[in-house]
Amino acid sequence: MDLQSYKAIVQELKPFGAQLVAVSKTKPVEDIMALYEAGQRVFGENRVQELVPKYEALPRDIKWHLIGHLQTNKVKYIAPFVSMVQSVDSLKLLAEIDRCAAKNSRTIDCLLQVYIANEDTKFGMDAEELYALLDSAEYATLKNVRVCGLMGMATNTDDETQIAAEFASLHGLFTEVKQRYFAHAPHFKEISMGMSSDYKIALAQGATLIRIGSLLFGAR
Ligand SMILES: *Cc1c(COP(=O)(O)O)cnc(C)c1O
């Protein structure tokens, strides 16, 4: 646990108005608690099986973000409490989140995950799939999810020019989608991009949420 780094990152984000999601996957509840005591309230996990026991063990005012690939059959376990699902990559998944949110009398905030990397290992939709989702008749019927923006992961590379171009493309797509579908929806405001290795580039490209794990909690 590196509280020094935590404080430095929080200061670094301030002028950008960006929010830190502390990615605590694989780390014990003691580590999360240490960061909680330093003031952090938003945490990200990528697996449902890990998120649920941590939710149960930790203070209730933590805002939990699911940031990893989510299978539709697992949505029901997190629907009672999850604050945001950042990794929505299909209409089917969004519809299931809507169904489970309704069962819990909740509205769940979601980000649509967009594929921006030049790798074939990452999840997410391309622009065409994103527009197909937003144009679909089924999407128009969903009442218990709120699409708040887009999420993306850059290619794992040292080439900062490429990373910046990928983040810029996500920002460009965000602006287009905002104009076309959410012009009068102030909640559509989030661009989640940037991790430990590339968050500075993401901030320069307009990130509003950055997801940092290893810089805070140490290597996994
Ligand atoms: C693990 C993870 C992160 C954080 O990665 P670090 O390199 O440890 O900062 C961010 N986003 C997603 C989707 C992740 O799975």
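The values are calculated or read from the model by the stated rules, or taken from the named source; none is laboratory data. Treat the numbers as computed from the prediction; the structure is a model and nothing was measured. A quick note on method: Cβ atoms are made from the backbone with ideal geometry, for glycine too, and the neighbour counts reach across all protein chains shown. Keep in mind that these areas ignore ligands, DNA and RNA; they rest on the heavy atoms of the full protein, side chains included. Shrake-Rupley method; radii C 1.70, N 1.55, O 1.52, S 1.80 Å.
Structure summary
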item: Residue match in region 174-185 (condition: under 22 Å from residue 23 (Cβ atoms), within 16 Å of the ligand (Cβ to nearest atom) and out of contact with any Phe, Trp or Tyr (no Cβ under 7 Å at 6 or more places or on another chain)); result: no
item: Per-region count, region 13-30, residues assigned to a helix (DSSP H, G or I) and either of a type in the set (Val, Ile, Thr) or free of Cβ contacts under 8 Å to residues at least 12 places away in the same chain (or both); result: 4
item: Every pair of residues 6+ apart whose Cβ atoms lie under 7 Å, when the first sits in region 1-12 and is at pLDDT below 95 while the second is open to solvent by 60 Å² or more (accessible area, probe 1.4 Å); result: 5/215
item: Of residues in region 48-68 being open to solvent by 30 Å² or more (accessible area, probe 1.4 Å) and not in a helix (DSSP H, G or I), the one farthest from the ligand (Cβ to nearest atom); result: 60
item: Residues that are aliphatic (A, V, I, L, M) and either buried (at least 19 other Cβ atoms within 10 Å of the Cβ) or out of contact with any strand residue (DSSP E or B) (no Cβ under 9 Å at 6 or more places or on another chain) (or both), drawn from region 34-47; result: 34, 35, 38
item: Residues being of a type in the set (A, V, I, L, M, F, W, C), within 16 Å of the ligand (Cβ to nearest atom) and either open to solvent by 30 Å² or more (accessible area, probe 1.4 Å) or in a helix (DSSP H, G or I) (or both) - total across region 86-118; result: 1
item: Condition met for residue 33 (touching a residue at least 12 places away in the same chain (Cβ under 8 Å) and in a helix (DSSP H, G or I)); result: yes
item: Residue ID - nearest to residue 194 (Cα to Cα), chosen from residues in region 142-156 that are modelled with pLDDT of 95 or more and surrounded by fewer than 17 Cβ atoms within 10 Å (Cβ to Cβ); result: 146
item: Test result for residue 161, of a type in the set (Ser, Thr, Tyr), surrounded by fewer than 21 Cβ atoms within 10 Å (Cβ to Cβ) and more than 16 Å from the ligand (Cβ to nearest atom); result: yes
item: Residue tally, condition closer than 18 Å to residue 65 by Cα, within 8 Å of the ligand (Cβ to nearest atom) and either part of a loop (DSSP other than H, G, I, E, B) or touching an Asp or Glu at 6+ places or on another chain (Cβ under 8 Å) (or both), over region 186-214; result: 3
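Residue-wise test of (1) without any contact (Cβ under 8 Å) to a residue 40 or more places away in the chain; (2) under 20 Å from residue 196 (Cα atoms); (3) out of contact with any Cys (no Cβ under 7 Å at 6 or more places or on another chain).
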| position | (1), (2), (3) |
| --- | --- |
| 53 | yes, no, yes |
| 72 | yes, no, yes |
| 91 | no, no, yes |
| 117 | no, yes, yes |
| 136 | no, no, yes |
| 140 | yes, no, yes |
